[in-house]
Amino acid sequence: MDEVQLAQKLGIDAVRVEDCAASLTQNGSYNRTWQCRSPEVRMYDRGSLFHMVCSSAPTLKALQHIKEEGIGIRRAEGFGQVLFLPFERLIHLKHKISAPKTELGNILTQVAELRRAKYR
């Protein structure tokens, strides 16, 4: 889902992703009904964070709808779940990790590897 589609779902003019801390994985699955494999798709891992800046404040109803419905593909399999955090919470999370950029990259890589191992 791109920024234009997300803005439409939120009922606002524009959304811009300003910053993110995300990991990508290849996810495949097996369809037991049809007894075949689903193609592998590259998706964001659980726990990926995106700092989005909106042109105007979305309504609470729009945020709740996206939270319940999810975004992206394969939502029936549990992918695409969304949690909205206020900006103050994001700043708090950023200040919790006060490592230099090179160490921060290593920490995020280790966290992503642990997260992948947990969900395998």
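The values are calculated or read from the model by the stated rules, or taken from the named source; none is laboratory data. Keep in mind the model is a prediction, meaning the values are calculated, not measured. Cβ atoms come from the backbone with ideal geometry, glycine included; neighbour counts cover every protein chain shown. Keep in mind that these areas ignore ligands, DNA and RNA; they rest on the heavy atoms of the full protein, side chains included. Shrake-Rupley method; radii C 1.70, N 1.55, O 1.52, S 1.80 Å.
For the stretch 2-21, give me each residue that is assigned to a strand (DSSP E or B) and either open to solvent by 60 Å² or more (accessible area, probe 1.4 Å) or not small (Gly, Ala, Ser) (or both).
Result: VAL15, ARG16, VAL17, GLU18, ASP19, CYS20.
Is it the case that MET43 is within 17 Å of GLU18 (Cα to Cα), part of a strand (DSSP E or B) and modelled with pLDDT of 75 or more?
When the stated conditions are applied, MET43 does not pass them.
Output yes when any residue across the stretch 22-40 is open to solvent by less than 80 Å² (accessible area, probe 1.4 Å), part of a loop (DSSP other than H, G, I, E, B), polar (S, T, N, Q) and without any contact (Cβ under 8 Å) to a residue 60 or more places away in the chain, and no when none is.
For the stretch 22-40, residues open to solvent by less than 80 Å² (accessible area, probe 1.4 Å), part of a loop (DSSP other than H, G, I, E, B), polar (S, T, N, Q) and without any contact (Cβ under 8 Å) to a residue 60 or more places away in the chain: absent.
When you scan the stretch 8-21, do you find a residue that is free of Cβ contacts under 8 Å to residues at least 24 places away in the same chain and either of a type in the set (Asp, Glu) or over 20 Å from ALA57 (Cα atoms) (or both), even just one?
No, the stretch 8-21 has no match at all.
Can you pull out the helices (runs of 4 or more DSSP H) entirely within the stretch 53-120 that have at least 2 residues that are surrounded by 10 or more Cβ atoms within 10 Å (Cβ to Cβ), in contact with a strand residue (DSSP E or B) (Cβ under 9 Å, 6 or more places away or on another chain) and modelled with pLDDT under 85?
Helices (runs of 4 or more DSSP H) meeting the threshold: 87-96, 101-119.
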